[in-house]
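Trainee: To start, I am sharing the structure in question, which I have written as C-alpha cells.
Only the coordinates and a few stated rules stand behind these numbers; no lab work does. This structure is a prediction, so every number in the text was calculated from the model and none was measured. Please note: Cβ atoms are built from the backbone with ideal geometry, for glycine as well, and neighbour counts cover all protein chains shown.
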Amino acid sequence: MSTDQEHAVTALPAEPQADEPLIPMPALTPGALRTAVETLTPSRMPTFVSDLVSATTRAQELQSFAPLRTFVRTWGVFVAIQRYPSRAARLRHLEELVSAGAEDPTDAMAEIRKIHADAEAEAGL
C-alpha cells in the first residue's frame, strides 16, 4: 500500500447512518492510525503521540518490535471502536457503570469484552 493510501481518511460525513463507520478502517501503521485518530478524536492526539514515542523508545531499548506491535494493536482497536459513534458511546457508558461500582459489573464487563473482540476482528487482529 502506498504512503498516500495509508494516510488517506475521508472527511467525516455530515450525518452518518447509525450503523455505518465514520471512516474506513485504516491500515495498521502508525501513520494511518495517526490520521484516523486526528479525524475521529483529535483530543486523544497527545496520548497517541506519547504512546508512540514510548513504544519506539522501548522497542529500541529491548531491540524488539513487541512494543510497536502492542502500540498498533491498542490504537487499531481504539480506532475500530471510535469509527462507530454508537459503539464508542456504548463503551463509554459501560466503562462508567463499571467505574461507578453501583451495580454488579458482570454484564457490563462481558459487553465491554465483546466490543473489544469485535473491534479486534474488524481491525484484522
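Trainee: Starting from the exponent 0.38 and prefactor 2.2 Å, build the expected Rg for segment 13-114 from its residue count and divide its actual Cα Rg by it.
Mentor: 1.23
Trainee: Give me the one-decimal nm value for the distance between modelled label points at residue 50 and residue 96, 7 Å along each residue's Cα-to-Cβ direction.
Mentor: 2.3 nm
Trainee: Within the set of other residues whose C-beta is less than 14 Å from the C-beta of residue 92, count the net charge using Lys and Arg as +1 and Asp and Glu as -1.
Mentor: In short, 0.
Trainee: Grab the other residues whose beta carbon is less than 14 angstrom from that of residue 111, score K and R as +1, D and E as -1, and report the net.
Mentor: Net of charged neighbours comes to -1.
Trainee: In addition: Under the Karplus relation 6.51 cos²θ - 1.76 cosθ + 1.60, θ = phi - 60°, what is the ordered set of whole-Hz ³J(HN,Hα) values for segment 103-111, x standing for Gly and Pro?
Mentor: Couplings: 9, 4, x, 4, 5, 4, 5, 5, 5 Hz.
Trainee: Still on this structure, I have one more. Label 7 Å along Cα→Cβ of residue 29; segment 107-125 residues with amide nitrogen under 12 Å?
Mentor: Zone members listed by number: none at all.
Trainee: Further question: Using 0.36 nm per residue, how much length does the chain from residue 120 to residue 64 gain when fully extended, once their Cα-Cα distance is taken away?
Mentor: Extra length available between residue 120 and residue 64 comes to 17.9 nm.
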